[in-house]
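Novice: Let me begin by handing over the structure; questions about it come next.
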Amino acid sequence: MSAFQLKNIQRRLENMSKEAAEELDRVCEHELWRNIGFDAIDSLQDNSNRAKANYYYGQWQTVKEIQESI
């Protein structure tokens, strides 16, 4: 993989991470999920918001794991 391709992948992963974090902030209405993690998401009352938060937390966590492995 060329340096250009690697840089492009890293940029895309950073954009995905940023999008997921912004959605989590919006859905959770706070940034506690960054420190507490999954417990902050489980405490959400609205099932729809909890489902969205679970999706975006999974996306955010997957991106972080991929970034660590690169």
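Novice: All other residues with a Cβ under 11 Å from the Cβ of Leu32 taken together, and with Lys, Arg as +1 and Asp, Glu as -1, what is their net charge?
Specialist: -3
Novice: While we're on this one: Accessible area per residue, 1.4 Å probe, Å², for the chain: what's the number?
Specialist: 72
Novice: Further question on the same structure: So if each residue of separation counts as 0.36 nm, and I subtract the Cα-Cα distance between Ala51 and Lys64, what length gain in nm does that give?
Specialist: Gain on stretching Ala51 to Lys64: 2.7 nm.
Novice: When the accessible area of the chain is computed with all protein chains present and a 1.4 Å probe, what percentage of it is carbon and sulfur?
Specialist: On the chain, the fraction of accessible area on carbon and sulfur atoms equals 49 percent.
The values are calculated or read from the model by the stated rules, or taken from the named source; none is laboratory data. Given the structure is predicted, the values throughout are model-derived calculations rather than measurements. Because the Cβ atoms are built from the backbone with ideal geometry, glycine has one as well, and the counts that use them run over all protein chains shown. All accessible areas refer to the heavy atoms of the entire protein, side chains included, with ligands and DNA or RNA removed. Shrake-Rupley method; radii C 1.70, N 1.55, O 1.52, S 1.80 Å.
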